[in-house]
Structures are given as C-alpha cells and as structure tokens.
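Colleague: Starting off with a structure, shown below.
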Amino acid sequence: MELKKYHKEDSVIICSWIKDEKSLYQWSADRIGKFPLADNDLNENYIPMIKNKRFIPLSAFDDKGNLVGHLFIRYPDEKDDSIVRFGFVIVDPVLRGCGNGKMMLQLAIDYAKNILCASKITLGVFANNDSARYCYESVGFQPVGKSEIYKMPIGEWECTEMELVIV
C-alpha cells in the first residue's frame with residue numbers, strides 16, 4: 001500500500017463507498033451534510049480547505065494502483081505545527097477487516113512523523129463505530145478527555161477523542 005496526494009478524480013470512488021446515512025455520518029460527522037453523495041461532493045467539501053495549505057488529503061493505493069482508502073491530515077491549531085488531526089478516514093467496504101485500515105493508518109502516522117514533524121495526532125471516533133475504534137487502538141491511539149455528544153440528523157451520537165503521541 002502507498003499513500004499518495006489526493007486527486008479530484010478520487011472523489012467518485014470514495015463517495016461510492018458511502019452506502020447509507022449512518023455510514024456517511026460515522027465517516028464525515030455531518031461535515032458534508034447530505035445523502036446520497038454525488039460524485040463530486042468530496043471535492044466541493046475540500047476546495048476551501050485545500051487553499052489554506054494546512055489541510056492534506058491523501059489516498060491509499062494497493063500494489064496494483066487501485067484506490068483502497070482515504071484520509072486527510074490537518075493542522076487544528078493555526079499556531080502549532082506539532083499537532084495534526086486525522087479525519088475522513090475510510091477504507092473500501094469490501095476491503096475492511098483485512099488489515100487495510102491499520103496499514104493505511106500506519107503510513108499516515110509515518111507521514112505525520114517524518115514529513116510533517118508532528119509530535120501528536122488526534123482524531124474523533126463515534127461510540128457506534130466499534131470497528132474504527134479498534135483499528136485506531138491497534139496502531140496506538142488512546143482515548144483522552146471526556147466524550148462529547150454530537151447531534152446528527154439521524155440522532156445524537158457520543159464521540160470519543162483519541163490521540164497518539166509520536167516518539
């Protein structure tokens with residue numbers, strides 16, 4: 001697997017992985033806010049963020065060049081480059097449960113450490129997304145602080161903040 005720069009053509013495939021509203025909100029936390037997704041919705045969401053240079057969308061490709069996963073890395077604090085945040089973490093649904101998410105996360109952690117020189121990575125995961133939480137824990141993320149409740153269009157969900165301190 002290899003992480004590469006996200007290209008606008010990736011949006012069609014990534015958006016096709018979201019099959020229902022629950023999956024949309026577990027993945028995007030209502031940042032996109034509509035279901036079903038159109039082919040270009042991810043690009044539309046990313047346009048304003050890419051311009052500020054503190055947002056790095058990445059796509060994961062297998063050895064045959066097939067898009068198998070996606071995530072972004074952003075700097076949550078304008079004045080602190082030592083902390084980055086992962087978001088919109090997703091793996092092709094037919095490839096889940098086989099270690100692909102873990103492999104993509106390990107590559108993203110290496111990127112954050114070696115390219116961005118980050119010392120901490122944060123992310124949020126909903127309590128109703130056990131498989132994602134287990135995947136994050138498998139690469140070293142730990143819950144921190146207290147959980148918050150988010151009001152989604154399809155209900156109220158508890159979100160756990162997680163972090164990984166890079167050594």
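Colleague: Within the stretch 99-141, work out how many residues are in contact with a helix residue (DSSP H, G or I) (Cβ under 6 Å, 6 or more places away or on another chain), assigned to a helix (DSSP H, G or I), farther than 17 Å from Q26 by Cβ and not small (G, A, S).
Modeller: Within the stretch 99-141, residues that are in contact with a helix residue (DSSP H, G or I) (Cβ under 6 Å, 6 or more places away or on another chain), assigned to a helix (DSSP H, G or I), farther than 17 Å from Q26 by Cβ and not small (G, A, S) number 1.
Colleague: Quick one: count up the residues across the stretch 1-23 that are in a helix (DSSP H, G or I) and under 16 Å from F72 (Cβ atoms).
Modeller: Of the residues in the stretch 1-23, 5 are in a helix (DSSP H, G or I) and under 16 Å from F72 (Cβ atoms).
Colleague: Do you know which residues across the stretch 132-157 are among the small types (G, A, S), exposed (fewer than 13 other Cβ atoms within 10 Å of the Cβ) and more than 23 Å from K34 (Cβ to Cβ)?
Modeller: Selection gives G145 alone.
Table: residues versus (1) farther than 22 Å from I50 by Cβ; (2) small (G, A, S); (3) without any contact (Cβ under 8 Å) to a residue 40 or more places away in the chain; (4) surrounded by fewer than 20 Cβ atoms within 10 Å (Cβ to Cβ).
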| residue | (1), (2), (3), (4) |
| --- | --- |
| L67 | no, no, no, yes |
| D77 | no, no, yes, yes |
| I83 | no, no, yes, yes |
| C98 | yes, no, yes, yes |
| K102 | yes, no, yes, yes |
| A112 | no, yes, no, no |
| A118 | no, yes, no, no |
| N128 | yes, no, no, yes |
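Colleague: Hey, does the stretch 44-64 have a residue that's of a type in the set (A, V, I, L, M), in a helix (DSSP H, G or I), within 15 Å of the chain's Cα centre (by Cα) and buried (at least 17 other Cβ atoms within 10 Å of the Cβ)?
Modeller: So far as the stretch 44-64 goes, no, none of its residues is of a type in the set (A, V, I, L, M), in a helix (DSSP H, G or I), within 15 Å of the chain's Cα centre (by Cα) and buried (at least 17 other Cβ atoms within 10 Å of the Cβ).
Colleague: Have a look at I73, I90 and point out the one that is open to solvent by less than 40 Å² (accessible area, probe 1.4 Å), within 16 Å of I109 (Cα to Cα) and touching a residue at least 60 places away in the same chain (Cβ under 8 Å).
Modeller: I90
Colleague: If you don't mind, another one. For residues that are touching a residue at least 40 places away in the same chain (Cβ under 8 Å), surrounded by fewer than 20 Cβ atoms within 10 Å (Cβ to Cβ) and of a type in the set (A, V, I, L, M, F, W, C), tally how many sit in the stretch 25-43.
Modeller: Qualifying residue count for the region: 1.
The values are calculated or read from the model by the stated rules, or taken from the named source; none is laboratory data. Worth saying up front: this structure is predicted, and the values here are computed from it rather than measured. Glycine also receives a Cβ, built like all others from the backbone with ideal geometry; neighbour counts cover every protein chain displayed. Surface accessibility is based on the protein's heavy atoms, side chains included, excluding ligands, DNA and RNA. Shrake-Rupley method; radii C 1.70, N 1.55, O 1.52, S 1.80 Å.
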